[in-house]
């Protein structure tokens, strides 16, 4: 699979997509869930992970201003 970004009539150079789940397939939603399901266990106590359907949010709590991303 390849991807490009189009803005108006201008496009970026193509780039090969080597990871991820293809969109538009029958198995796509199921494979996405399998792919993303372990994410909450991987971040452990560093952040909260909210998974709902195909939306994912990772929430970090920072204690000091200089820790901002």
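Every read-out reported here was derived from the displayed coordinates using simple, explicitly stated rules and does not represent laboratory data. All values reported here derive from a predicted model rather than from experimental measurement. Note that each Cβ is placed from the backbone with ideal geometry, even for glycine, and that neighbours are counted across all protein chains shown.
Here the simple spin-label model places points 7 Å from the Cα toward Cβ, and for residue 7 and residue 47 these points are separated by 2.5 nm. Pairs of Cα atoms nearer than 8 Å and 6+ residues apart set the relative contact order; for the chain it is 16 percent. The residues 52, 30, when put in order of fewest to most other Cβ atoms within 10 Å, stand as 52, 30. In terms of packing, defined here as the mean over residues of other Cβ atoms within 10 angstrom, the peptides 41-51, 4-14 line up highest first as 41-51, 4-14. Which of rounded, prolate or oblate describes the chain when judged by the alpha-carbon gyration tensor and an a/c cut-off of 1.5? Since a/c reaches 1.5 but b/c is at least a/b, the shape of the chain is classed as oblate.
The GNM of the chain, with springs linking C-alpha atoms under 10 angstrom apart, assigns the highest mean-square fluctuation among 19, 36, 58 to 19.
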